[in-house]
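The values are calculated or read from the model by the stated rules, or taken from the named source; none is laboratory data. Everything quoted here is computed from the prediction, not taken from an experiment. Cβ placement follows ideal geometry from the backbone for every residue including glycine, while neighbour counts extend to all protein chains displayed. The area values use the complete protein model at the heavy-atom level, side chains included, leaving out ligands, DNA and RNA. Shrake-Rupley method; radii C 1.70, N 1.55, O 1.52, S 1.80 Å.
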Amino acid sequence: MQLFPCPFCGPRPETEFHYNGEAGNIRPDGAQVSAECWAGYLYERSNPKGAAREIWVHATCQEFFVMERDTVTHQLAATQTPGFAEHAE
Ligand SMILES: [Zn+2]
């Protein structure tokens, strides 16, 4: 089992975390965008092979954070939370 680094609780089993989407997928103003742009926000993902920035939530403390990881090797690079320093692994 892999350990994920929660910025608030420290290393915890991966089963305590839930994937919450790609980091940087900014919600557009629904009243101002075309249907194609809105559909892109909802359904299109980059699905990178290699380095990825993702939003995760730790189910135990309910905190959201950004985790950088390699989708091929599962190597973790860092975690970030708004207003907190980066935690390198
Ligand atoms: Zn936590």
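Go through the stretch 5-36 and give me each residue that's touching a His at 6+ places or on another chain (Cβ under 9 Å) and either open to solvent by 50 Å² or more (accessible area, probe 1.4 Å) or of a type in the set (Val, Ile, Thr) (or both).
Result: Phe8, Cys9, Arg12, His18.
Checking Thr15 against (1) within 16 Å of the ligand (Cβ to nearest atom); (2) under 19 Å from Gln80 (Cα atoms), which single condition isn't satisfied?
Failed condition: (2).
Cβ contacts < 8 Å: first residue outside any loop (DSSP other than H, G, I, E, B), restricted to the stretch 13-34; second residue modelled with pLDDT under 95 and of a type in the set (S, T, N, Q), any location; separation 6+ or different chain. Result?
Correct list of pairs: Pro13/Gln2; Glu14/Gln2; Glu22/Ser46.
Restricting attention to the stretch 37-70, report how many residues are out of contact with any helix residue (DSSP H, G or I) (no Cβ under 6 Å at 6 or more places or on another chain), modelled with pLDDT of 95 or more, open to solvent by less than 50 Å² (accessible area, probe 1.4 Å) and outside any strand (DSSP E or B).
The total comes to 2.
Say whether the condition of being free of Cβ contacts under 8 Å to residues at least 12 places away in the same chain, within 12 Å of the ligand (Cβ to nearest atom) and at negative phi is met by at least one residue in the stretch 41-64.
Looking for residues that are free of Cβ contacts under 8 Å to residues at least 12 places away in the same chain, within 12 Å of the ligand (Cβ to nearest atom) and at negative phi, one finds none in the stretch 41-64, hence no.
If a residue has to be within 16 Å of the ligand (Cβ to nearest atom) and either part of a loop (DSSP other than H, G, I, E, B) or under 20 Å from Lys49 (Cα atoms) (or both) to count, how many in the stretch 1-12 make the cut?
Residues meeting the conditions: 5.
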